[in-house]
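Please read the structure below before turning to the comments.
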């Protein structure tokens, strides 16, 4: 169970904060930082572009799991003290890269160990980290909004939380090294393009409402609790 919980916590940071913290923060940044929807679109796109780059390079990620978790914490915290849009773009891109590195490498690390222990059913616990992280990030932003905190405070709080989790997980991933992914005997198969296309369509279909629904809702309902 320890392996599964470590995987859950790592994915909570990678996805809940590295990828999706911007969703509940977007209305806050519109309110106190003057962020427009167009600017929000660029920031979201930078993060997704980084995630694509990270996913394609995850088998050779130079930072490994532990370094990538720290990178998420640093790039998240740094969104607050330097409110320059161009820097925000770079930080969200780097956060996306590190998020993908964590997701791919933690998945491989945890699933291999759970299979070796004869506990593959605990994989569900690992991937529950994605939803758990999104929920915790959203609830933290809700609490900060109720206290009339600024978006910068939320970025710092999420960055600090990410760093704390990274430090707590540091011993768990001591043996996890960044290595080249094994290549199948037959290499790439043409029919796998259908899987890529289906997953791409899924991503296109969910990422737009997942990112901008809170901003749209804020135009109709001012109460952040809703």
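Laboratory data are not the source of any read-out in this text; all were calculated from the coordinates shown. Everything numeric in this text was worked out from a predicted model, so none of it was measured. Please note: Cβ atoms are built from the backbone with ideal geometry, for glycine as well, and neighbour counts cover all protein chains shown.
Residue 210 to residue 189: FRET efficiency via 1/(1 + (r/R0)^6), r the Cβ-Cβ distance, R0 22 Å, to the nearest 0.05?
Working: r = 30 Å, r/R0 = 1.38.
Once the sixth-power term is evaluated, E becomes 0.15.
In terms of the Cα gyration tensor, with a ≥ b ≥ c the square roots of its eigenvalues, is the range 187-226 rounded because a/c is under 1.5, prolate because a/b exceeds b/c, or oblate? Show your work: numbers first, answer last.
Details: a/c = 7.48, a/b = 5.27, b/c = 1.42.
Note, shape of the range 187-226 comes out prolate.
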- line: Binned at 10 Å starting from 0, the alpha-carbon pair-distance distribution of the chain in whole percents comes out as 8, 32, 35, 18, 5, 0
statement: With Cα springs under 10 Å, the Gaussian network model of the chain assigns the largest mean-square fluctuation among 102, 13, 70 to 70
message: What distance in nm separates the two pseudo spin-label positions at residue 60 and residue 36, each 7 Å out from Cα along the beta-carbon direction?
response: 4.0
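Arrange the peptides 118-131, 86-99, 207-220 so that the one whose residues have, on average, the most other Cβ atoms within 10 Å appears first.
Values: 118-131: 15.7, 86-99: 21.9, 207-220: 13.9.
Answer by packing, highest mean first, reads 86-99, 118-131, 207-220.
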